[in-house]
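Worksheet for the structure shown next.
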């Protein structure tokens, strides 16, 4: 398994828009070949910072 980790920085005030748009993008991500799962985590220490984890088949 491959674990892809991405740190995303969202401009202040656009977090809600980002989260709504990400829900739509999740459908695209999950349809890709080799996809296993993904998680989006919101940082509680830094506003607008997110961690995206995507698991792929090897």
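The values are calculated or read from the model by the stated rules, or taken from the named source; none is laboratory data. Just so it is clear, the model here is predicted, and its values are computed rather than measured. Positions of Cβ are generated from backbone atoms using ideal geometry, with glycine treated the same way; all protein chains shown enter the neighbour counts.
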Query raised in the report: Inside segment 43-58, can you point out the residues that are without any contact (Cβ under 8 Å) to a residue 24 or more places away in the chain and surrounded by 11 or more Cβ atoms within 10 Å (Cβ to Cβ)?
Result: 43
Report task. Scan segment 12-24 residue by residue and report those that are surrounded by 13 or more Cβ atoms within 10 Å (Cβ to Cβ) and either within 12 Å of the chain's Cα centre (by Cα) or under 25 Å from residue 58 (Cβ atoms) (or both). Result -> 18, 19, 22
Query - Pairs with Cβ under 9 Å, 6+ apart, first in segment 10-27 and within 14 Å of residue 42 (Cα to Cα), second surrounded by fewer than 10 Cβ atoms within 10 Å (Cβ to Cβ) and at pLDDT 95 or above - result: 18/11
Query - Output for segment 33-58, where each listed residue is farther than 15 Å from residue 3 by Cα and over 13 Å from the mean Cα position of the chain (by Cα) - result: 44, 45, 46, 47
